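Q: There's a structure below that I have some questions on.
The values are calculated or read from the model by the stated rules, or taken from the named source; none is laboratory data. This structure is a prediction, so every number in the text was calculated from the model and none was measured. Cβ: placed from backbone, ideal geometry, glycine included. Neighbour counts: every protein chain shown. Accessible surface areas use protein heavy atoms only, side chains included; no ligands, DNA or RNA. Shrake-Rupley method; radii C 1.70, N 1.55, O 1.52, S 1.80 Å.
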Amino acid sequence: AGPPPPPGAGGPVRGAARVSGAASVPGAGRPGQGAPTTVQGSHRQPGMDDRTAIARGAAGRSPSAAGWDRDDVISNPGPGGGRAARPADSAKKLKRRKRRRMIATISGFTILALMVAAVGAGYALVQVPLPTIGARPQTTTFYYADGKTVMATHATENREDVSIKKVPVAVQHAVITAEDRTFYSNKGISVTGLGRAVTGLLTGQDKGGGSTITQQYIKNQFLTQQRSFARKAKEIPMAIKADRTFNKDQILELYLNTIFFGRHSYGIQLAAKAYYNKDVSQLTPEEGVVIASVIKDPTNFDPAVNLASAQSRWKYILSAMADAGWYPKEKLATAQYPKPVIPKKFDWQKGQNGILAFAVEKEVLQRLHERLGIPANDDAAAQKALNEGGYKVITTVDLGLQSKAVNAAAGPLKLPDIPKSDTDLDSSLVAVQPGTGKIVAYYGGKGDYGQNDMASKKNPHFPGSSMKPYVLATAIDDGISIKSRWDGTSPRAFADRPGNPLKNAGNIQCARCTLIEATAKSLNTTYYALTDRVGAGKARDTAAAAGITELGKKGASDGFKPIPIAEAHPDNRIGIGAYEIPVVDQAAGFATFADGGVYHAPYFVDKILGPNNTPVYDHKASAGKRAFSEDAAKDAGFAMQQVIVHTPSAQLANGRPAAGKTGTHDYNNTKFNSNVWMCGFTPQIAAAVWVGHRSGEGPIKFSSGVNIGSAYTAKLWKTFMDDALQGQDAKSLPAPVYHGSVDAGEFKDPVIPAPTDSFPSTQTSPVPSFLPTQGPGDGNPDPQPSQEPSPSVDPGQSPLPSFPPTIPSHSPRPRPGQGLVP
């Protein structure tokens, strides 16, 4: 490659490295050079080549044309053809294939001809607007459900335009390398990029970017982000005419002063201040590459969001600059990544409101992608539309309930009962409206905007026994009655864990327990056997249908990323909560039980209105999707009512009927928990509460050194539910129908349990002093044992707290929510 052009040169550089398309890896397209693999989507793994680097296949032709020679051989069989003629019965298929190929070819040429004609006509008629005539950006505002109270605002900061002469040449080259390596030689458009765009529009698939810097400037300043032929028909002649109207330095200056760099920064000057707190003229080449690398995806390539991906793209661009002669190759081995400053926060981005606003923003961006026709991988365009579109976003979050959720989940963590030294201890609470999926309250913990959302899908936690209701619903739909009897002795051996018997918490015994009792006592041995009976895969499918989207995490080498539940392959430990799930999913899952087994996807965005209140998006109510039968919902719900009956710290005010499930997970087989849960519902609202650590696993303790159990989360859940339901009528929960066979358990004879088969009576963990007790026996009412810290570690044991005695088996059948049924 020849030397870089000096600032102000404007024209192309002779001998400069040129690659077809938006960007390319040096060597790509030459046989034997190992062309990189395409990376789809905007989330890229460290070390992987950027998707825009691949413009052509290893043999020098586009991926879509990779099989043309194979078809040619098939259509010309015989000697030298490498393949015998197809049987007669395949002749029709071959003929249809040829016909389809001919139609596609004719259609492609026709569309290209029309576009060429449109470009020609457009070029004659179009006028390139002056740079100062762009539409004035308007602020987008997020509101709570009342449509009046502001949650967050998104707007473009005031730009600070700078002359191209102030931008270091190395920074200019970094941007050109990242976005358009043919910039100095093209005529405003990329022919190969245009071909990919047309193909993508014809097939409905994303064929990759191909816009030149000139096209990007025209699109961002004067056109919409919609992906369509109409936009391209305007964009292309404008870009061609702009290339003839302005010299290259003028176009680059306009581009650098208007492009979005993330961190609410438009223009290279504000980007320099946002990332390095300095004037653009003071940027080093390495810093310039960092800033240039975020243009493609300002969210995921921001090192404050994804440092590994940001560093990978930085290395890629720096290496490409060296290949072009724009960076010393001898410095590549020793070049150090210049880590930017921490992003500044607006007031609305701080604390729990920042976490909530960021969660809402992700859904708003998704809707804008859909409604504006923005390609899925073009997050920058969606972010620009959000920041400048002047949208009014009405959310589902109730301001009053949000305040109650924060008070219930966050307040106690600041009191003396929690050690100040454990700064990593955190909590989260999500509440969902059954029957709609509306997220009415969302507390994600002590983080802020874009960081440490402990309720999100990116941060799942071990659920412990709060996972058991999904196994129970599966069993009921398989014809197993909640009155069937099972072996709940402890320890108990299982064939799939030889030499490693499973124990119940406190080694509680229940030789012939019904599933109702096993749920209330949270017997691990019973639920492990039940999971084995119905199948771990089937239990997973029920959980997925009910709303669980992630199940477990990948290993350290994969960054501990959550595993989509459809890709998970759990064993029987899924029944005792040994695979992580998100808090927001648990809230949606328990809302599914509350709505009779019908799942409604949880959502934040109710409406999006454009300027002058023009409708952009309106959430449409749906009938939902059935996850399990209504009978399963009724019977499992009744079993979960008994959990509340025998968990005084979770009992709602004035005897309001409720159902729920506690859950704990131990820390490395010690007496301490690492995760504690309480999930439950009434007909009006479902909520999930979690307490644990933000980073990794660790013991959670009170200031006294005593283990934190689910009495704690039960109290938090009760505090929120009582406040949320205050003034609303108490509604009853459905009565059980006892679906299935009572003989489907491990015992077919109706043996009455011995009087000793009752809840244990040893109190092991106090209720926090800041929460009022409710009488004798209300210690740590979670019957869930310490669970396996990971699917590869054996379960440990921890003492079981005290409980009121069970209702004798010979007592009359109580009404729902009033006791156990034999």
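Q: Let's test the formula: R0 of 41 Å, r as the Cβ-Cβ distance of S421 and L399. What FRET efficiency results, to the nearest 0.05?
A: Here the calculated transfer efficiency is 0.75.
Q: Taking H as built 1.01 Å from N, whose amide H comes closer than 5 Å to the amide H of I563, not counting residues under 5 places away?
A: Correct list: L551, G552, K553, K554.
Q: By accessible area of protein heavy atoms, probe 1.4 Å, what ranking do E160, E630 get, highest first?
A: E630, E160
Q: Quick check: Cα centre of the stretch 438-493 to Cα centre of the stretch 341-392, how many Å?
A: Centre-to-centre (Cα) distance: 30 Å.
Q: Put a dot 7 Å past each Cα toward the Cβ at A304 and K344; how far apart are the dots in nm?
A: So the label points at K344 and A304 sit 1.0 nm apart.
Q: Which cross-chain or sequence-distant (5 or more) residues have an amide H under 5 Å from the amide H of T284, H modelled 1.01 Å from N in plane?
A: Close amide H contacts, sequence-distant or interchain: none at all.
Q: Given the Cα-Cα distance of D146 and S741 and 0.36 nm per residue of separation, how much length would full extension add, in nm?
A: Result: 209.3 nm gained on full extension.
Q: Continuing with the same structure: Please list 3J(HN,Hα) in residue order for the stretch 371-377, calculated via the Karplus relation 6.51 cos²θ - 1.76 cosθ + 1.60 where θ = phi - 60°; whole Hz, with x for glycine and proline.
A: In residue order, the calculated couplings are 6, 9, x, 7, x, 4, 8 Hz.
Q: Show me, for the stretch 304-320, the HN-Hα J-couplings you get by feeding each phi into the Karplus relation (A = 6.51, B = -1.76, C = 1.60, θ = phi - 60°), rounded to Hz, glycine and proline as x.
A: My calculation for the stretch 304-320 gives 6, 9, 9, 5, 4, 5, 4, 5, 4, 5, 4, 5, 4, 5, 4, 5, 5 Hz in order.
Q: Using a 1.4 Å probe on the protein chains only, how many percent of the accessible area of the stretch 282-435 belongs to carbon and sulfur?
A: Carbon and sulfur atoms account for 53 percent of the accessible area of the stretch 282-435.
Q: How large is the accessible surface of W486 in square angstrom, using a 1.4 angstrom probe and rounding to the nearest 10?
A: Ignoring ligands and nucleic acids, W486 comes out at about 0 Å².
Q: What whole-number value in Å² describes the accessible area per residue of the stretch 546-697 for a 1.4 Å probe?
A: Dividing the accessible area of the stretch 546-697 by its residue count gives 33 Å².
Q: Can you list the residues of the stretch 665-695 with backbone N under 18 Å from a point 7 Å past the Cα of Q728, pointing along Cα to Cβ?
A: It comes to 679-689, nothing else.
Q: Let me ask another. How much length is gained if the chain between Q138 and K98 is pulled fully straight, taking 0.36 nm per residue apart and subtracting their Cα-Cα distance, in nm to one decimal?
A: Taking Q138 through K98 to full extension adds about 9.2 nm, to one decimal.
Q: When the Karplus curve 6.51 cos²θ - 1.76 cosθ + 1.60 is applied with θ = phi - 60°, which whole-Hz ³J(HN,Hα) does each residue of the stretch 264-280 get, with x for Gly and Pro?
A: Whole-Hz 3J(HN,Hα) from phi for the stretch 264-280: 6, 10, 10, x, 5, 5, 5, 5, 4, 6, 5, 9, 10, 6, 8, 5, 4.
Q: Now for a different question. Quick one: which residues, 5 or more positions from M151 or on another chain, have an amide H under 5 Å from its amide H? H modelled 1.01 Å from N in the peptide plane, none for Pro or chain starts.
A: Counting only residues 5 or more places away or on other chains, the set is F142, Y143, Y144.
Q: What is the magnitude of the charge dipole of the stretch 345-476 about its Cα centre, with +1 placed on the Cβ of each Lys and Arg, -1 on the Cβ of each Asp and Glu, and no other charges, expressed in debye to the nearest 20?
A: Dipole magnitude for the stretch 345-476 comes out near 220 debye.
Q: So, one more: Give the lysines reachable from K553 as a straight Cα distance under 22 Å; neighbours fewer than 8 places away on the same chain don't count.
A: Cross-link targets: K362, K457, K458, K468, K538, K561.
Q: For the stretch 233-370, what is the relative contact order in percent, using Cα pairs closer than 8 Å and at least 6 residues apart in sequence?
A: Relative contact order for the stretch 233-370 comes out at 16 percent.
Q: Show V169, V294, V150 ordered by accessible area, largest first, where the area counts protein heavy atoms only and the probe is 1.4 Å.
A: The most accessible residue leads, giving V150, V169, V294.
Q: Tell me the accessible surface of R99 in square angstrom (1.4 angstrom probe, heavy atoms of protein chains only), to the nearest ten.
A: Here the accessible area works out near 120 Å².
Q: Would you kindly state how much longer the chain becomes between Y337 and Q250 on full extension, computed as 0.36 nm times their sequence separation minus their alpha carbon distance, in nm to one decimal?
A: 28.3 nm
Q: So what is the relative contact order for the stretch 569-692, in percent, with contacts set as C-alpha pairs under 8 Å and at least six apart?
A: For the stretch 569-692, the relative contact order is 24 percent.
Q: Okay, moving on. If R₀ is 56 angstrom, what is the calculated FRET efficiency for the pair D571 and S281, using the beta carbon separation as r and rounding to 0.05?
A: That pair, D571 with S281, gives E of 0.40.
Q: Separate question: Report the FRET efficiency, 1/(1 + (r/R0)^6), for K701 and E160, where r is their Cβ-Cβ distance and R0 is 35 Å, rounded to 0.05.
A: Plugging the Cβ-Cβ distance into 1/(1 + (r/R0)^6) gives 0.10.
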